[in-house]
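The block underneath contains the structure these notes are about, expressed in structure tokens.
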Amino acid sequence: MERKVKKRQVNLTINVVPDYSRAGDSIVYYPNNVLGNGATSIVYGGFHEVQDRKAAVKRIPKNHYKIFENELEVWRKLTTPDLVNIVGYYARYEDTKNCAYFIAMELALGTLDDVVTGKPNVSAWTKESCIKYLNDASQGLEFLHGKNIIHRDIKPSNIMIFANNDHNDLAKLGDFGISRIIELNSDQTDSVGKGTYDWMAPEVLQDYNQVNDDKLPIKFPNTTAIDIFCLGQTYFYGISQGEKLFGNIVFRAHNVLSGNPGDLKKMMKKMSDNDIPLIKLVLEMVKREPTERPTIQTVLKHPFHWDNFKFLEFVQDVAGILDNKVKELQTLEDLDKAYSKYHLQETGSEFDFEQEMSSNFVALLSASWKKNYSNDSKSCIKLIELIRDKLAHFSSQKEEVNEDCYFGENGKFCKGKYAEYFNQKFPLLGIFLHDFFKRNHLERFYLERFY
């Protein structure tokens with residue numbers, strides 16, 4: 001008897017992910033184009049049809065509805081015409097059928113982390129571009145803090161890079177899923193959405209995964225100082241091309257909680273004397289005690305963020321104060337001694353500005369050098385006077401300026417080149433004077449705009 005064999009039916013249907021999916025009437029996203037994947041969401045490349053623009057589309061699962069709700073609440077408060085350094089919001093959609101929530105927003109080229117790690121989707125790292133990105137992000141944070149919003153998750157991957165019309169890329173702060181709107185002068189605390197472990201401030205990290213007697217997460221204070229700490233680490237990471245200020249993950253928590261950065265000397269091998277203003281600023285931003293950290297406004301006024309012209313303006317104003325010899329400024333008699341000590345401490349060598357400047361420049365000053373400066377080249381005050389006086393001298397010259405004098409451009413004196421020359425030659429001068437006047441409570445004398 002012939003045995004009948006039942007043929008197994010083979011399902012040849014292939015589960016192909018469609019080229020695109022829809023979230024509501026205006027949001028399109030591409031499931032195969034994952035831009036980022038976090039603990040509470042996935043971000044896809046997409047398109048917003050109303051704006052007629054490419055978009056980043058964040059998909060948040062149902063169990064993280066509070067993240068979705070919180071991010072929308074923050075964006076409602078940020079929807080203003082003067083929004084520049086904050087990632088823009090397009091639309092939202094609640095997909096009740098698939099238990100997911102969607103947010104469409106501006107699509108970036110990449111992140112600051114992509115720049116530092118050399119990803120091809122963004123421009124190559126340069127110190128100048130990185131400083132600009134950090135300044136952009138800081139202005140975005142200033143905007144947030146001005147609206148009483150704490151970001152709470154500042155890190156390189158949340159600083160988004162965008163192309164700009166003037167060919168200079170622009171950085172914006174993004175990802176407001178765990179941001180908080182706070183009341184002024186409140187003691188508001190929180191126990192959820194602590195941020196990213198590698199970038200946490202000590203007041204958040206100390207109670208990480210800890211619970212109270214009721215088995216509930218321990219609450220931590222919600223203050224803007226949390227953002228300043230995280231931003232300080234991000235500054236260092238960006239300028240040092242990827243070094244972690246508090247060391248690798250094995251030692252980081254201990255170093256953060258004890259207030260001890262990692263081996264700065266080792267990490268600064270990629271850096272120079274010109275980066276000392278950065279180090280001084282960062283160490284202020286990552287102080288163990290939150291109340292000792294600067295505000296974002298103070299951060300933005302720090303010499304690290306000065307361009308060459310700002311440096312020159314500051315030195316000119318200091319020279320004017322020295323000329324006035326105001327009786328309250330008797331402390332300035334110690335300025336030369338203090339700067340000599342500071343220079344030796346930071347560089348290991350004695351200060352002598354004649355040695356710092358090129359022989360060609362000294363020769364350019366010729367007779368006036370021997371008369372006014374040659375015997376006082378170890379004086380910080382004399383250097384300040386030289387910068388101010390020679391600026392006036394070169395600016396008043398009507399004859400053609402030779403290109404060889406460092407400051408010539410198309411036959412004319414170039415103030416920008418002059419400012420750059422002295423700022424590069426004396427990177428410690430601006431940060432020292434800025435700190436000296438503040439420490440001695442002298443900034444009120446015509447210098448308020450620099451603080």
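Odds and ends about this structure:
- Among 374, 240, 359, the ranking by other beta carbons within 10 Å of each residue's beta carbon, starting with the fewest, stands as 359, 374, 240.
- At q = 0.20 Å⁻¹, base-10 log of I(q)/I(0) for the range 22-167 (Debye sum, equal scatterers on each alpha carbon): -1.42
- The mean of 1/r over all pairs of different alpha-carbon atoms in the range 21-106, once inverted, gives a Kirkwood hydrodynamic radius of 13.1 Å.
- Pairs beyond 20 Å (Cα-Cα), from 58/97; 371/425; 280/310; 310/425; 132/194: 371/425; 132/194
- Less than 5 angstrom separates the built amide H of residue 55 from those of 46, 47, 48, all sequence-distant by 5 or more or on a different chain.
- Classification of the range 232-307 by its C-alpha gyration tensor yields an oblate form. The axis ratio a/c (a ≥ b ≥ c) is 1.5 or more, and b/c is at least a/b.
- Applying both filters, DSSP loop and at most 14 other Cβ atoms within 10 Å, to the chymotrypsin sites (Phe, Trp or Tyr not before Pro) of the range 283-312 eliminates every site.
Every number here is computed from the coordinates shown, using simple stated rules; none is lab data. All values derive from a computational prediction rather than experimental measurement. Here Cβ is always computed from backbone atoms with ideal geometry, including for glycine, and neighbour counts include all displayed protein chains.
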